[in-house]
1. Considering only residues that are part of a helix (DSSP H, G or I) and either in contact (Cβ under 8 Å) with a residue 24 or more places away in the chain or under 17 Å from the mean Cα position of the chain (by Cα) (or both), which ones fall in the stretch 145-195?
2. Say we look at the stretch 95-135 and pick out the residues that are assigned to a strand (DSSP E or B) and touching a Lys or Arg at 6+ places or on another chain (Cβ under 6 Å); which of these is farthest from Asp68 (Cα to Cα)?
3. Only one residue in Gly120, Gly146, Gly163, Gly107 is under 18 Å from Ala52 (Cβ atoms) and of a type outside the set (A, V, I, L, M, F, W, C), so which one is that?
4. Is there a residue in the stretch 75-92 that is at pLDDT 95 or above and among the basic types (Lys, Arg)?
Amino acid sequence: MPWANDLKRCWRQILVPNTRTEVGGVKYSVRAIAAAMLIGTASLVADADPAAITPPAGSALVLELFADGVQIYTCDPKDGGFDWSFKGPEANLFDKQGRQVGTHSAGPTWKIDDGSEVVGEVVAKADAPEPHAIQWLLLRAKSHLGSGILSSVAYISRIETEGGLAPSTGCDANNLSAQARMRYSATYQFYSAPK
């Protein structure tokens with residue numbers, strides 16, 4: 001996966017140096033505490049139930065791709081104030097071998113190197129188990145282009161999201177029309193129509 005190197009860097013930062021701390025007369029290794037916290041957190045994420053964004057029964061998985069890119073927001077006037085408005089994604093799509101095979105852009109649109117393209121519309125949302133990640137989604141295909149693998153797609157699931165939320169500050173009269181490009185990653189699963 002394209003972000004696997006970031007995970008390795010994270011582990012290196014946590015596991016080095018070997019710092020010890022003392023609490024109530026008991027010495028603890030910061031490495032051990034951090035590892036235990038990460039293992040506990042990972043089990044929470046792994047147990048997330050994506051039932052709300054599951055495609056209809058009988059739909060078959062056609063393709064799974066991994067996105068690495070940004071969610072784009074613009075500072076706009078809203079309700080007498082200012083707020084970040086979502087404009088669209090801009091991401092590269094990778095297969096399981098880590099090869100870039102397509103792009104994801106506003107629409108939302110997914111384009112694959114075989115010339116096929118699908119545009120979706122959101123039909124269901126679920127909060128991501130990661131607290132600072134964009135929602136998980138179920139989308140229905142509303143249009144297709146080309147005759148490649150995406151031409152048979154009826155539903156798209158966005159799961160395993162990381163990052164991508166709008167900034168919590170920085171949108172005011174001085175920054176009207178400013179753009180924020182928030183880094184995100186996700187897994188996209190493409191499904192056929194139910195049979």
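The values are calculated or read from the model by the stated rules, or taken from the named source; none is laboratory data. Nothing here was measured: the structure is a model prediction, and the numbers come from that model. Reconstructed Cβ throughout: ideal geometry from the backbone, glycine too, with neighbour counts over all protein chains shown.
1. As a first pass, look at the stretch 145-195 and keep what is part of a helix (DSSP H, G or I): 149-152, 173-175.
Across the stretch 145-195, the qualifying residues are Ile149, Leu150, Ser151, Ser152, Ala173, Asn175.
2. By that ranking, first place goes to Val123.
3. Gly120
4. Yes; the residues of the stretch 75-92 include at least one that is at pLDDT 95 or above and among the basic types (Lys, Arg).
This table checks each residue for (1) among the charged types (D, E, K, R); (2) over 23 Å from Arg183 (Cα atoms).
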{"site": "Ser59", "(1), (2)": "no, yes"}
{"site": "Ile72", "(1), (2)": "no, no"}
{"site": "Pro77", "(1), (2)": "no, yes"}
{"site": "Asp95", "(1), (2)": "yes, no"}
{"site": "Val122", "(1), (2)": "no, no"}
{"site": "Leu150", "(1), (2)": "no, yes"}
